[in-house]
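The structure that follows is given in the form of structure tokens.
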Amino acid sequence: MTRFVKVGTGGGETTWHRAMLDLRLGDVLLLEPGFYALPQGKMLADVTIKGLGASPEDTRITSFFQVDDASSRIVFENICLIPYKDSNTLDIPEGVDSFVIFRNCVLRGTGNKTTTLAISGKATVELIATKILNGTVSFFKTADFRLEMADSVIDYVSEEFGTLSLEGHGTAIINNSKITGTLNTFDYCNVELDIHNSYVGNLNMGGKTWLNMFKGQTGQDNSYSLYARGDCWLNIMDSVFPTSFCLADRARVLLHGSDVYSLQLKDDSQITVTNTLVRASANFEDRAKGDANRVTFYGNGDYQYFFYMIGKSRFKGRNLTFKPNGAPMLVGDEAKLAANALYSNEQPLEVECVNKNNVSILGIKWTLIKK
Amino acid sequence: MARLVKVGTASGETAWNEALADPKIDDVLLLEPGFYRLDQPLDLVDLTFKGLGASPEDTVIYANFKMTASTRYGTFENVHLMQAGEPLVRLPSSSNAYLTFRHCLVEGNGRASAPAIDAAGQVNLEIYSSIFRQASVSLQAGSDFSLEIADSEFAGAAYTPISLSGSGTASINTSRFAGGPVMVKDETAQVEMELNKVTLPLLYLQGTSSLDAVEANFTNDTYGLRVQDTCYANLLNCSLQGAVSLAGVCLLVAQNVVMDKLTLQDRANAILAGGAIRRGIALRDVSLADLNKVKLAASGEAALVEMSGSAAVTGKDLVFQGPSHRIAAKDQAAMEAGVLASSQREIELALTGEAQVELEGVKSRLV
């Protein structure tokens, strides 16, 4: 039964401690703006906690919470949650099967490896118009999850820890949001990841990750923008990657309408790339395969070759534009390239190769150079 | 493993008819920009249609699709879909599938009898960064759905963009709806709707449904929100140009919400914290309102609060903004409120029957 419990210090209101002691399934706590603390933490089941201030920070709760096995739905609305010392703000352990919804909240993290939201059980976690500052969100190996992030921010950058980490089995749908650090998926995960109109510091994906990305933007400051290995399948449109885009193992990628600083493929990875700009270099090694249509490959002086292929890599392309800016192309080892390029008023393309039968470029002038 | 099928007229590409004559499950059809037409409805079986143009308009598909009982999904990306006479995608009651539109332009014909997406079965419908023009989504009674809309626009005049019956969840973020109402209709509807940063004309909520809205903007200047049957509406930081009307056994919790007028009847209940009401509140039957730090205003002729039947209003820290300075109550209606501030020094109480009004913090007199 839904009880509305007004919490505060005014007449007709219950005190915070009494409300927490008497907490029942179905309670909706309406908290008057103020500071509330509960150092001993609390197990939550089927409760809604709503702050009545003009903004989430007007109503602050310092505590740590765990979701009870019996819970089916927990909602925090318009509240600021601060963890008590070095604890997870909310822990969703194994054995739980619940909705956990944060609507217009601010969560402050610990700024270290203690994650702000820890999910090991079965949960649908919704972050709507919510900010997690100096904290991280981790879905662990036993998690069976659905994450919906809309219009939200997770702000934490670290060399060591991921900002949003996905392990276990589930779906993460991220719309109009910002994750300032690394979004990680792990080697034993099975995750469907949708990223739309969002900023992610960078992506490090493994295991079985299926990514659909539309209008994604990654950060400038990392050595790689995206690194995908394992059996990742990536479908990317209209996105921007200011540093390297690297594929390994059996990763397969569809990349359309995007802007990439450099493409680096190795092992058995494959890419089908269309309507895209590659700014510094495209590299294919091992048994990597590339198929390009309406792609422009630039050189900008950052790499010795603006386009290189070695090992047994294969590349075919149509309607390509090459703008090497003085750098040569390399087709070495047993790599093979077949391309139709569009007219350009550049100098003839310089191609360094071991076996000129491995190179077919139609539509523009090119010259063979020896090393 | 998914096959990438390049569709187009160049060498190395498959012709459109050929690609669709014998599709394999999980085929991804990479469509070169152009115009593709299907005169017969096509059974959609686990296919992805991806346009390779610079924008959706470059790749036009004029067709209609039907999901079968064995279809698991259909995905459209970066294409312009034009609806012929029939629904663009029909999901019959036997279907259980995902249907995804990502960065598409869907053009319908604006007729309620032929929605663009018509579902009677189980569907996970995802609409991301797309424009639906005169194209509506109808999830019928008996359907079991999960609807997600983000960064999209439903444009057009005088049509119902979304109509939801059946049972399911609808999560709509950062999107706009023009035209007509978003409807959760029928007494049998069990819909949980979440809105975040959405602009829409108005919303009808019926059945045993719930609404959680953050920063929603309702633009119709007569009615913004109509809630009836046994519904629950939770609004945070929303604004309505028009009125909120509650009937049946409904509960409204509204925080920092600005609305034109609030009307309650039957056994409806409203709990308001903060926010403002421009043209007064009217309650009748056995409805209840609890107001906390709410700004109340009404035009000169009307009453700030009008009550009848056994309606009751309790309030704390109310601010009366005028120009009206009248409260009217009849039958057994009652109001008890603490007033923090009032633009008028004295409130007129027009009471008949056994109605009672007690105000603290401002002078009042019976008229």
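Checking residue B:267 against (1) surrounded by fewer than 21 Cβ atoms within 10 Å (Cβ to Cβ); (2) within 19 Å of residue B:339 (Cα to Cα), only one condition comes out false. Which one?
All conditions pass for residue B:267, except number (2).
Within region B:139-151, can you find the residues that are surrounded by 22 or more Cβ atoms within 10 Å (Cβ to Cβ) and hydroxyl-bearing (Ser, Thr, Tyr)?
Across region B:139-151, the qualifying residue is only B:143.
Further question: Among all residue pairs at least 6 apart or on different chains, which show Cβ distances below 6 Å where the first residue, located in region B:106-130, is more than 17 Å from residue B:92 (Cβ to Cβ) and open to solvent by less than 10 Å² (accessible area, probe 1.4 Å) and the second is assigned to a loop (DSSP other than H, G, I, E, B) and not small (Gly, Ala, Ser)?
Sorted first by the residue in region B:106-130, then by its partner, the pairs are B:130/B:104.
Moving on. Exactly one condition in (1) open to solvent by less than 50 Å² (accessible area, probe 1.4 Å); (2) closer than 30 Å to residue A:60 by Cα; (3) not acidic (Asp, Glu) is not met by residue A:134; state its number.
Against the list (1) open to solvent by less than 50 Å² (accessible area, probe 1.4 Å); (2) closer than 30 Å to residue A:60 by Cα; (3) not acidic (Asp, Glu), residue A:134 comes up short only on (1).
Residue by residue, here is whether (1) touching a Gly at 6+ places or on another chain (Cβ under 7 Å); (2) more than 14 Å from chain B (Cβ to nearest Cβ); (3) surrounded by 20 or more Cβ atoms within 10 Å (Cβ to Cβ) holds:
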{"site": "A:262", "(1), (2), (3)": "no, yes, yes"}
{"site": "A:266", "(1), (2), (3)": "no, yes, yes"}
{"site": "A:283", "(1), (2), (3)": "no, yes, yes"}
{"site": "A:287", "(1), (2), (3)": "yes, yes, no"}
{"site": "A:302", "(1), (2), (3)": "no, yes, no"}
{"site": "A:312", "(1), (2), (3)": "no, yes, no"}
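For region B:223-251, give me each residue that is over 14 Å from residue B:184 (Cβ atoms) and more than 12 Å from chain A (Cβ to nearest Cβ). So that I can check it myself, show each step before the final result.
Keep residues of region B:223-251 that are over 14 Å from residue B:184 (Cβ atoms), which gives B:223-224, B:234-247, B:249, B:251.
Result: B:223, B:224, B:239, B:240, B:241, B:242, B:243, B:244, B:245, B:246, B:247, B:249.
Touching a helix residue (DSSP H, G or I) at 6+ places or on another chain (Cβ under 9 Å) and more than 14 Å from chain A (Cβ to nearest Cβ), is that true of residue B:31? It would help to see each step written out before you state the result.
Values: touching a helix residue (DSSP H, G or I) at 6+ places or on another chain (Cβ under 9 Å): yes; more than 14 Å from chain A (Cβ to nearest Cβ): no.
No.
Consider residue A:111 carefully, then state whether it is surrounded by fewer than 24 Cβ atoms within 10 Å (Cβ to Cβ), of a type in the set (Gly, Ala, Ser) and either touching a helix residue (DSSP H, G or I) at 6+ places or on another chain (Cβ under 7 Å) or not in a strand (DSSP E or B) (or both).
Values: surrounded by fewer than 24 Cβ atoms within 10 Å (Cβ to Cβ): yes; of a type in the set (Gly, Ala, Ser): yes; either touching a helix residue (DSSP H, G or I) at 6+ places or on another chain (Cβ under 7 Å) or not in a strand (DSSP E or B) (or both): yes.
Spelling it out, residue A:111 is indeed surrounded by fewer than 24 Cβ atoms within 10 Å (Cβ to Cβ), of a type in the set (Gly, Ala, Ser) and either touching a helix residue (DSSP H, G or I) at 6+ places or on another chain (Cβ under 7 Å) or not in a strand (DSSP E or B) (or both).
Could you pull out the residue among B:286, B:305, B:257 that is at pLDDT 95 or above, buried (at least 21 other Cβ atoms within 10 Å of the Cβ) and either within 14 Å of chain A (Cβ to nearest Cβ) or closer than 30 Å to residue B:190 by Cα (or both)?
Result of the check over B:286, B:305, B:257: B:257.
Suppose we filter region A:90-123 for residues that are within 24 Å of residue B:196 (Cα to Cα) and among the hydroxyl-bearing types (Ser, Thr, Tyr); how many remain?
Count: 2.
Okay, moving on. Does residue A:370 qualify as being farther than 20 Å from residue A:272 by Cα and open to solvent by 50 Å² or more (accessible area, probe 1.4 Å)?
Details: farther than 20 Å from residue A:272 by Cα: yes; open to solvent by 50 Å² or more (accessible area, probe 1.4 Å): yes.
For residue A:370, the condition - farther than 20 Å from residue A:272 by Cα and open to solvent by 50 Å² or more (accessible area, probe 1.4 Å) - is met.
Here's a follow-up. When residues of region B:109-137 are filtered for being outside any strand (DSSP E or B) and within 14 Å of chain A (Cβ to nearest Cβ), how many remain? Write out each step before concluding.
First, the residues of region B:109-137 that are outside any strand (DSSP E or B): B:109-116, B:120-121, B:129-130, B:134-136.
Still in the list and also within 14 Å of chain A (Cβ to nearest Cβ): B:129-130.
Qualifying residue count, region B:109-137: 2.
Also, quick follow-up: For region A:37-49, does any single residue satisfy the condition of being touching a residue at least 24 places away in the same chain (Cβ under 8 Å), more than 14 Å from chain B (Cβ to nearest Cβ) and of a type in the set (Asp, Glu)?
Within region A:37-49, one or more residues are touching a residue at least 24 places away in the same chain (Cβ under 8 Å), more than 14 Å from chain B (Cβ to nearest Cβ) and of a type in the set (Asp, Glu).
I'd like the full set of residues that are more than 14 Å from chain B (Cβ to nearest Cβ), of a type outside the set (A, V, I, L, M, F, W, C) and closer than 23 Å to residue B:317 by Cα, limited to region A:1-33.
Going through region A:1-33, the residues more than 14 Å from chain B (Cβ to nearest Cβ) turn out to be A:14-25.
Among the residues that remain, those that are also of a type outside the set (A, V, I, L, M, F, W, C) are: A:14-15, A:17-18, A:22, A:24.
Within region A:1-33, A:14, A:15 qualify.
Output the number of residues of region A:137-155 satisfying the condition of being of a type in the set (Ser, Thr, Tyr) and either over 13 Å from the mean Cα position of the chain (by Cα) or open to solvent by less than 10 Å² (accessible area, probe 1.4 Å) (or both).
Residues in region A:137-155 being of a type in the set (Ser, Thr, Tyr) and either over 13 Å from the mean Cα position of the chain (by Cα) or open to solvent by less than 10 Å² (accessible area, probe 1.4 Å) (or both): 2 in total.
For residues that are within 17 Å of residue A:136 (Cβ to Cβ) and away from every other protein chain (no Cβ under 14 Å), tally how many sit in region A:181-198.
The qualifying residues number 8.
With respect to residue A:226, is the statement that it is outside any loop (DSSP other than H, G, I, E, B), closer than 26 Å to residue A:166 by Cβ, more than 14 Å from chain B (Cβ to nearest Cβ) and not β-branched (Val, Ile, Thr) true? Break it down stepwise before answering.
On the way: outside any loop (DSSP other than H, G, I, E, B): yes; closer than 26 Å to residue A:166 by Cβ: yes; more than 14 Å from chain B (Cβ to nearest Cβ): yes; not β-branched (Val, Ile, Thr): yes.
Answer is yes for this residue.
Moving to a separate point now. Can you work out which of the residues in region B:266-283 that are under 22 Å from the mean Cα position of the chain (by Cα) and in a loop (DSSP other than H, G, I, E, B) is nearest to the other protein chains (Cβ to nearest Cβ)?
Among those residues, the one meeting the criterion is B:275.
Among what's in region A:322-367 and is β-branched (Val, Ile, Thr) and surrounded by fewer than 17 Cβ atoms within 10 Å (Cβ to Cβ), pick the residue that is farthest from the chain's Cα centre (by Cα).
Taking region A:322-367 and keeping what is β-branched (Val, Ile, Thr), we get A:331, A:351, A:354, A:359, A:361, A:364, A:367.
In the following step, the residues that additionally are surrounded by fewer than 17 Cβ atoms within 10 Å (Cβ to Cβ) were identified as A:354, A:367.
Details: A:354: 40, A:367: 42 Å.
Out of the qualifying residues, it is A:367.
Within region A:75-94, can you find the residues that are crowded, with 24+ Cβ neighbours inside 10 Å and within 14 Å of chain B (Cβ to nearest Cβ)? Break it down into steps so the answer makes sense when it comes.
Going residue by residue through region A:75-94, those that are crowded, with 24+ Cβ neighbours inside 10 Å are A:76-79, A:81, A:89-90, A:92.
Once the filter is applied, which keeps residues that are crowded, with 24+ Cβ neighbours inside 10 Å and within 14 Å of chain B (Cβ to nearest Cβ), region A:75-94 yields A:76, A:77, A:78, A:79.
A follow-up question, please. Scan region B:3-35 residue by residue and report those that are under 37 Å from the mean Cα position of the chain (by Cα) and open to solvent by less than 20 Å² (accessible area, probe 1.4 Å).
Scanning region B:3-35 gives B:20, B:27, B:28, B:29, B:30, B:31.
Could I ask something else about it? Against the conditions (1) open to solvent by 50 Å² or more (accessible area, probe 1.4 Å); (2) of a type outside the set (Phe, Trp, Tyr); (3) modelled with pLDDT of 95 or more, where does residue B:316 fall short? Just the number, please.
With (1) open to solvent by 50 Å² or more (accessible area, probe 1.4 Å); (2) of a type outside the set (Phe, Trp, Tyr); (3) modelled with pLDDT of 95 or more applied to residue B:316, the lone miss is (3).
Let me ask another. In region B:39-86, how many are open to solvent by 10 Å² or more (accessible area, probe 1.4 Å), part of a loop (DSSP other than H, G, I, E, B) and more than 28 Å from residue A:274 (Cα to Cα)?
Count: 9.
Looking at region A:200-217, is at least one residue within 20 Å of residue A:299 (Cα to Cα), buried (at least 24 other Cβ atoms within 10 Å of the Cβ), within 12 Å of chain B (Cβ to nearest Cβ) and aliphatic (A, V, I, L, M)? Working first, answer last.
The first filter runs over region A:200-217 and keeps only residues within 20 Å of residue A:299 (Cα to Cα), leaving none.
Scanning region A:200-217 turns up no residue that is within 20 Å of residue A:299 (Cα to Cα), buried (at least 24 other Cβ atoms within 10 Å of the Cβ), within 12 Å of chain B (Cβ to nearest Cβ) and aliphatic (A, V, I, L, M).
Checking residue B:25 against (1) assigned to a strand (DSSP E or B); (2) out of contact with any Phe, Trp or Tyr (no Cβ under 8 Å at 6 or more places or on another chain); (3) away from chain A (no Cβ under 14 Å); (4) of a type outside the set (Gly, Ala, Ser), which test does it fail?
If we test residue B:25 against (1) assigned to a strand (DSSP E or B); (2) out of contact with any Phe, Trp or Tyr (no Cβ under 8 Å at 6 or more places or on another chain); (3) away from chain A (no Cβ under 14 Å); (4) of a type outside the set (Gly, Ala, Ser), just (1) comes out false.
The values are calculated or read from the model by the stated rules, or taken from the named source; none is laboratory data. All of these numbers come straight from a predicted model, not from anything done at the bench. Using ideal geometry, Cβ is built from the backbone for each residue, glycine included, and neighbour counts are taken over all protein chains shown. All accessible areas refer to the heavy atoms of the entire protein, side chains included, with ligands and DNA or RNA removed. Shrake-Rupley method; radii C 1.70, N 1.55, O 1.52, S 1.80 Å.
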